[in-house]
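K.L.:
This is the structure I have questions about; it appears just below.
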Amino acid sequence: MYKMLRFLDAGESHGKALTAIIEGMPANLNVSIDKINDDLFRRQQGHGRGKRMSIESDKVEILSGIRNSRTLGSPITLQIYNRDWGNWHNIMHPLNAEQELKAVKMPRPGHADLAGYIKYRQKDIRNILERASARETAIRTAVGSLAGQLLERLNIKIASHVIQIGEASLHSLNYDRDIKQIISDADKSPVRCIDKTTESQMISAIDDAKANGDTIGGIFEIIIEGLPAGIGSHVHWDRKLDASLCYSLMSIQGIKGVEVGLGFKSAELNGSSVHDEIFYKPDRNFFRKTNNAGGIEGGISNGEQIVLKAAMKPIPTLYKPLNSIHVESKDNIKASIERSDACAVPAASIVGKCAVSWSIACAVVEKFGGDCMEELEYNYNTYIEYINSL
């Protein structure tokens with residue numbers, strides 16, 4: 001299906017740079033490079049991150065499509081240079097790489113290593129792990145952060161925070177999803193948790209895993225506020241908004257499950273306890289007092305907050321590696337070790353926010369169109385007036 005807004009990214013984990021080309025961004029969007037770099041900084045933070053974060057300090061460079069901080073309507077090129085490239089030049093050079101340097105023959109359980117090695121008929125697993133690495137999410141964060149600036153013009157806000165690491169969980173708390181407060185509190189926490197007691201439990205869980213040479217996963221939540229009813233569609237499988245959002249989250253390295261609203265919990269309950277009753281007031285139009293649907297019904301936004309959860313598995317690189325097989329000798333051996341984190345759930349919550357920002361921006365641009373922001377905003381505001389007249 002043709003999409004009005006799309007991007008393609010490229011680059012390897014230890015390559016020279018990560019690059020993305022964005023097509024379809026309306027002209028005349030004011031762009032703050034500082035906001036993009038702030039999201040890149042947040043992605044690199046979080047208790048449990050590894051040594052590479054002290055090497056890299058990601059900054060985006062804009063190569064095309066923006067002039068004097070305004071989009072032109074032409075393709076936008078973003079690049080993040082790899083500051084560690086000098087140490088990997090001989091290994092990852094596109095033309096003159098020394099093949100035997102740091103060659104990988106021991107696939108890690110839980111990674112794309114073996115499946116990719118078989119699929120692409122490689123002799124060195126490094127040719128797989130470099131692109132499969134979560135390092136790719138740096139450029140995706142930049143792309144999504146730019147899309148988020150389009151949404152800000154329409155007063156659509158997106159927040160993310162961590163609700164579980166290991167068994168340390170916010171699930172037992174009845175917390176208020178005040179989006180401004182969540183953004184503020186999450187940014188102050190080393191694990192992006194809005195509750196101090198749960199934060200301490202999460203930090204302890206990460207420290208325990210790290211001390212044992214192990215890794216640990218968790219769950220983050222994303223809240224979208226200000227998106228009007230009517231985004232997405234029920235008429236085709238590939239136009240459903242919840243399907244698009246789940247796709248964007250599942251495409252992030254390490255994500256193994258996504259929930260919308262009440263999610264899997266709804267399977268345990270009767271319909272009378274799950275479905276959100278509909279009310280009406282002249283000053284609010286149609287509204288719900290509960291939001292178990294997570295803001296989406298029939299693949300269409302219903303005007304309530306959109307609430308998503310994503311579950312991230314533990315990172316597959318362990319400093320006490322699991323059993324594996326040498327792909328050439330077929331000997332039993334321990335899996336290879338790359339630089340890694342003990343936990344990347346806080347970082348993944350930032351990637352998730354940016355990935356969702358991109359999907360929402362795609363849906364908004366597809367519905368309201370416009371070659372420039374003025375045209376898009378006019379169409380959008382006209383639609384809001386229609387909704388308010390109901």
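K.L.:
Give the range 108-122 a look and list any residue that's in a helix (DSSP H, G or I), of a type in the set (D, E, K, R) and open to solvent by 30 Å² or more (accessible area, probe 1.4 Å), or say none.
P.N.:
Hit for the range 108-122 is LYS119, nothing else.
K.L.:
Here's a follow-up. Exactly one condition in (1) open to solvent by less than 20 Å² (accessible area, probe 1.4 Å); (2) in contact with a strand residue (DSSP E or B) (Cβ under 8 Å, 6 or more places away or on another chain); (3) farther than 27 Å from SER301 by Cα; (4) of a type outside the set (Asp, Glu) is not met by ILE216; state its number.
P.N.:
That leaves (1) as the condition not met.
K.L.:
Out of all the residues in the range 279-322, which are open to solvent by less than 40 Å² (accessible area, probe 1.4 Å), assigned to a strand (DSSP E or B), touching a strand residue (DSSP E or B) at 6+ places or on another chain (Cβ under 8 Å) and not hydroxyl-bearing (Ser, Thr, Tyr)?
P.N.:
PHE287, ARG288, ILE296, ILE306, VAL307, LEU308, LYS309, ALA310, ALA311, MET312, listed by residue number.
K.L.:
Assess whether PRO228 counts as being crowded, with 19+ Cβ neighbours inside 10 Å and within 23 Å of the chain's Cα centre (by Cα).
P.N.:
no
K.L.:
Also: Can you name every residue in the range 34-56 that is at pLDDT below 90 and either among the hydroxyl-bearing types (Ser, Thr, Tyr) or closer than 29 Å to ARG70 by Cα (or both)?
P.N.:
SER54, GLU56
K.L.:
From ALA211, ALA205, ALA186, which residue is open to solvent by 40 Å² or more (accessible area, probe 1.4 Å) and among the small types (Gly, Ala, Ser)?
P.N.:
None of the other options fit; the residue is ALA211.
K.L.:
Give me the residue from the range 245-274 that is hydroxyl-bearing (Ser, Thr, Tyr), part of a helix (DSSP H, G or I) and open to solvent by 40 Å² or more (accessible area, probe 1.4 Å) and, out of that set, nearest to THR290 (Cα to Cα).
P.N.:
Within the range 245-274, the match that is nearest to THR290 (Cα to Cα) is SER273.
K.L.:
With TYR247, TYR319 as the choices, which residue is more than 24 Å from ASP214 (Cα to Cα) and touching a residue at least 40 places away in the same chain (Cβ under 8 Å)?
P.N.:
TYR247
Conditions (1) small (Gly, Ala, Ser); (2) touching a strand residue (DSSP E or B) at 6+ places or on another chain (Cβ under 6 Å); (3) open to solvent by less than 70 Å² (accessible area, probe 1.4 Å); (4) not in a helix (DSSP H, G or I), marked per residue:
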{"position": "THR77", "(1), (2), (3), (4)": "no, yes, yes, yes"}
{"position": "ASN87", "(1), (2), (3), (4)": "no, no, no, no"}
{"position": "ASN90", "(1), (2), (3), (4)": "no, no, no, no"}
{"position": "LEU95", "(1), (2), (3), (4)": "no, no, no, yes"}
{"position": "LYS102", "(1), (2), (3), (4)": "no, no, no, yes"}
{"position": "MET106", "(1), (2), (3), (4)": "no, yes, yes, yes"}
{"position": "ASP124", "(1), (2), (3), (4)": "no, no, yes, yes"}
{"position": "THR137", "(1), (2), (3), (4)": "no, no, yes, no"}
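K.L.:
Going through ILE206, ILE194, ILE182, ILE219 one at a time, which residue ends up being in contact with a Lys or Arg (Cβ under 6 Å, 6 or more places away or on another chain), within 23 Å of ILE252 (Cβ to Cβ) and in contact (Cβ under 8 Å) with a residue 24 or more places away in the chain?
P.N.:
Criteria check complete, one pass: ILE219.
K.L.:
Testing HIS275 on (1) under 22 Å from ASN155 (Cβ atoms); (2) modelled with pLDDT of 95 or more, one condition comes back false. Which one is that?
P.N.:
Every listed condition holds for HIS275 apart from (1).
K.L.:
Return the residue satisfying two criteria in turn: it lies in the range 1-48 and is acidic (Asp, Glu) and in contact with a Lys or Arg (Cβ under 7 Å, 6 or more places away or on another chain), and of such residues it is surrounded by the fewest Cβ atoms within 10 Å (Cβ to Cβ).
P.N.:
Going through the qualifying residues, I end up with GLU23.
K.L.:
Within the set of pairs 6+ apart or on separate chains, which have a first residue in the range 360-384 that is at pLDDT below 95, a second that is in a helix (DSSP H, G or I), and C-beta atoms under 8 Å apart?
P.N.:
Here the result reads GLY369/GLU375; GLY369/LEU376; GLY369/ASN379; GLY370/LEU376; GLY370/GLU377; GLY370/TYR378; GLY370/ASN379, each pair linking the range 360-384 to a residue that is in a helix (DSSP H, G or I).
K.L.:
A further question follows. Restricting to the range 323-359, and then to whatever is of a type in the set (Asp, Glu) and touching a residue at least 12 places away in the same chain (Cβ under 8 Å), can you tell me which residue is surrounded by the most Cβ atoms within 10 Å (Cβ to Cβ)?
P.N.:
It comes out as ASP341.
K.L.:
So, one more: Go through the range 169-213 residue by residue and tally those that are out of contact with any strand residue (DSSP E or B) (no Cβ under 7 Å at 6 or more places or on another chain), modelled with pLDDT under 95 and among the aliphatic types (A, V, I, L, M).
P.N.:
3
K.L.:
Further question: Quick one: is ILE163 under 22 Å from ASN323 (Cβ atoms) and either hydrophobic (A, V, I, L, M, F, W, C) or open to solvent by less than 10 Å² (accessible area, probe 1.4 Å) (or both)?
P.N.:
When the stated conditions are applied, ILE163 does not pass them.
K.L.:
State which residue is surrounded by the most Cβ atoms within 10 Å (Cβ to Cβ) when the search covers only the range 360-390 and only residues that are closer than 30 Å to ASP58 by Cα and aliphatic (A, V, I, L, M).
P.N.:
Taking the candidates together, the pick is ILE360.
K.L.:
Out of the range 360-390, which residues are more than 28 Å from the chain's Cα centre (by Cα) and outside any helix (DSSP H, G or I)?
P.N.:
Passing the criteria: SER389, LEU390.
K.L.:
I would also like to ask the following. Looking only at the range 323-359, filter to residues that are at pLDDT below 95 and not in a loop (DSSP other than H, G, I, E, B); which one of those is farthest from the chain's Cα centre (by Cα)?
P.N.:
Among those residues, the one meeting the criterion is ASN332.
K.L.:
Got at least one residue in the range 179-198 being of a type in the set (A, V, I, L, M) and touching a Leu at 6+ places or on another chain (Cβ under 8 Å)?
P.N.:
yes
The values are calculated or read from the model by the stated rules, or taken from the named source; none is laboratory data. Quantities reported herein were computed from a predicted structural model and do not represent experimental measurements. For neighbour counting, all protein chains shown are included, and Cβ atoms are generated from backbone atoms with ideal geometry for every residue, glycine included. Remember, those area values only see protein heavy atoms, side chains included, never the ligands or the DNA or RNA. Shrake-Rupley method; radii C 1.70, N 1.55, O 1.52, S 1.80 Å.
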